[in-house]
1. Mind listing whichever residues of segment B:211-256 are hydrophobic (A, V, I, L, M, F, W, C), closer than 30 Å to B:Leu87 by Cα and either within 14 Å of chain A (Cβ to nearest Cβ) or surrounded by 17 or more Cβ atoms within 10 Å (Cβ to Cβ) (or both)?
2. Quick one: what pairs do we get from segment B:17-32, first residue more than 7 Å from every other protein chain (Cβ to nearest Cβ) and more than 16 Å from B:Lys2 (Cα to Cα), second charged (D, E, K, R) and assigned to a loop (DSSP other than H, G, I, E, B), C-beta under 9 Å, 6+ apart or different chains?
3. May I ask you to list the residues in segment B:36-50 that are acidic (Asp, Glu), touching a Gly at 6+ places or on another chain (Cβ under 9 Å) and in contact (Cβ under 8 Å) with a residue 60 or more places away in the chain?
4. So which of B:Arg54, B:Arg10 is on the phi < 0 side of the Ramachandran plot, within 30 Å of the chain's Cα centre (by Cα) and more than 7 Å from chain A (Cβ to nearest Cβ)?
5. What number of residues within segment B:141-182 are in contact (Cβ under 8 Å) with a residue 24 or more places away in the chain, hydroxyl-bearing (Ser, Thr, Tyr) and surrounded by 17 or more Cβ atoms within 10 Å (Cβ to Cβ)?
6. Could you grab the pairs with beta carbons closer than 8 Å, sequence gap of 6+ or different chains, first residue in segment A:451-477 and part of a helix (DSSP H, G or I) and among the basic types (Lys, Arg), second one modelled with pLDDT under 90 and loosely packed, with under 12 Cβ neighbours inside 10 Å?
7. If you go through segment A:263-284 one residue at a time, do you hit one that is more than 22 Å from the chain's Cα centre (by Cα) and within 26 Å of A:Thr164 (Cα to Cα)?
Amino acid sequence: MANPSVSAPPVQVCDPRTRRYVGVRETAAYVAFDMSQSFNIDNERESFIKNILMIDLRLYALVRGINAAWDVANDLFTGIIVDRTQTRWGKFKPYLMFLAIPGTLLAICFWLLPVFGLTDMGKFWAYLVLQLLMEGVDTFHGMARVGIQATLTPYPLDRTRLITLANLVSGALGEKIPQYVMQFFSDVLRKGKLGGAARIPSLYVSLGVITTIIGGVGAFWFFYVCKERVIRNEEKPTLRQSIRMVLHNKPILLLTLSETLAQLSFSKSKGDYVRDVLDKKTLQTIVGIPAAFVNPISYGLVPRFQRRFSNKTLYIMGVNCISLLNLPVYFFGCIGGKGKNGMYQKVVPMAVAMTLHETAFTFLFGVRSVIPTEMRNETMDYCEWKTGMRGEGMISVTKGLATKLAGAVNDVVSPLILYAFGYDEKAYVKGGTQSDRMKFVIFTLYAFVPAFTNLIASVPILFYNLHGQERDRMYAELHERRAAIAARASADEPEQS
Amino acid sequence: MKATCPKCGRALRLRDWRPCCPYCGVHIVQYRMEERLQDDADQAELEYAAFRPRLDRCRAATIGSKPAVLRLCCALLPIAGCLLPLLTVRTQTAERTAITILDLFPMIAAYLRSDGSPTVQGVPVPPACAAAAAAGLFLLFLSLLSLLAHLVSLPWSCTDKGARRARRTGSAAWAAGAGCLALLLVCAGITRRGVPEATILAAGAGAFVYTVLLAVMRTVDFAVQRRGVPVRYTPCTIAGIPADEYRLLLEGGMTPSQIRASHTITPPTGDPPEPNGT
């Protein structure tokens, strides 16, 4: 017999996990924000400091050392400050909004340094102060950027859709255009055309300032329209709780370990190989042309891959696809031996092999760029599930510190490996080439070694257990918990005049 | 738009940064968050339902069918023609130099700076010939701009206005390209009729290939537009309700929360059925 006092709650027609929460305008702003991260010439910073500002290399090394120490120090307290922030706009939006303009102004001042006509010591002090301020702002801003991506929408399906769309569209709209423009005009000016090499500083200054302003406007638009949509507990974590949140968060520890091991690859890039072995820098771009047509397709494949495989499997596939697919390139290059007759020294056959390799792995490029971000966002949800609190700040700090440390070790060991095998650092500028032995070492470090180092880096992810039923259970319980928090806040607030 | 408390409705100032309302004490972020989240979702899906047909038309116009893909490929092909030599220069010593698109700009700049005795690759050419070549290259430049405009207009060509725009830009690209080729042929004729041993400027293989590929592009474009491009519209839902039905309900005066409430399924309050019941 039916019990009239007991009734099941009404069931919605649609599953809230599959809904869209971010509107068209906010999505467009998110794409603009994603594009603004790459729409710059930040990869030319080192060249700007050494060749345009012409800061003494010893002073430059000193600034880098001071900045590295400041970077580690401010990471430690920034994480806890961000995690304990609670405002009516959310946790991250205040930092994004209020630091956007100062951050942009500092970057503009940086690119305008050559205009001020400072003395050598003046340049050093200006650069040091700017660098310390920019590092501080960027730490808060960086954590807030990571955090807002995790809280823009409460459900992973919507989040993955946003990340995929942003990566695809920002690439298609030409986020790398400033870098191509920089390369093209640098070469033209160095050849004495359009005013000659004397105008190179103007090129850096104008491109640096223009891209900073455009990127800043795009990012600010997103910061203004974005909303945080993840309900969180009111409790502010203490420092001890924040550290425990990370130490007891197995998924983030595994991800961090994997990324740290990946940094310790001691490998060489495609750019190093085409420059030092094939002596054809433009080949780097040419072999990527067919892959450029596959790139958009790879993003369309992400949902299909996600339906068939777990994020864990896709992460491992993404990490290893480039290096494992490079093994046939390595074996092909070994034909003819290690000397001058080795195939690895022949431009045309290796260009064909590299083109095929790049086109093949580009099918997984979408997975490679989307899945790690989504997994990082999942670990933040896991933290909330296990502890009741979100620790985006401390999680970012943990990951950042570990990878910076590993990067520093890599920066020290990699040159030593080259030195041990007799790398001639003057050969390129003198128009010479490396020895056959060195060329083969570079080729091996590019095409063979990463296959093993990346496999080792994937091992921690085998223990990643946030998938399948566990993941579904996590999101179901988080949904209930957040609904309960909202219901409590709506039900028992006192009226005050 | 000023921010207000979701409960008491009072205006909040910038300095009211704390998560609780200074007037009624409610937690601004958490208060009725689930309902506001569903309102956000309704709004987002409504915006997407309005935007999706445009995406469907763009998709249909570019990669939605084999003719559309063929049309897109034909629109990209003329660029290959530009990479071939557009001009050839044959000097008195029978030396041939091929001039590609990258060589054109310094050449034109040198011609514009010349004081009445234009040269190409350091060799003097008749002024009429140089003017014809410069005019031809200007038309080439216009043709490339029109081609770029045509490529940009193709995804929007499923509407009448978009189709007209694509036709105009495609025709402009072809007409300018054909004009460029004609002027380069005139240029060669001038130099041949002049002093026999003079430098000859002639249209290179690239100019011919470019013009032919533009003609192919226009033909395929015309055929595809005449045949029509079928558009498959993706059905969109808002809170699980078909978009058209939802809009009708909104226009009828219902609020999003009322629509959601009226379309929920309430399970019966009786005992659950026996596992093996009839």
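1. Within segment B:211-256, B:Leu213, B:Leu214, B:Met217, B:Val220 meet the criteria.
2. Sorted first by the residue in segment B:17-32, then by its partner, the pairs are B:Cys20/A:Arg88; B:Cys20/A:Glu493.
3. Once the filter is applied, which keeps residues that are acidic (Asp, Glu), touching a Gly at 6+ places or on another chain (Cβ under 9 Å) and in contact (Cβ under 8 Å) with a residue 60 or more places away in the chain, segment B:36-50 yields only B:Glu45.
4. B:Arg54
5. 3
6. The qualifying pairs do not exist here.
7. No, every residue in segment A:263-284 fails to be more than 22 Å from the chain's Cα centre (by Cα) and within 26 Å of A:Thr164 (Cα to Cα).
Yes/no matrix, rows are residues, columns are (1) under 30 Å from A:Asp424 (Cβ atoms); (2) crowded, with 18+ Cβ neighbours inside 10 Å:
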residue	(1), (2)
A:Ile442	yes, yes
A:Phe452	yes, no
A:Asp472	no, no
A:Glu477	no, no
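The values are calculated or read from the model by the stated rules, or taken from the named source; none is laboratory data. Just so it is clear, the structure is predicted and the values come from calculations on it, not from any experiment. Positions of Cβ are generated from backbone atoms using ideal geometry, with glycine treated the same way; all protein chains shown enter the neighbour counts.
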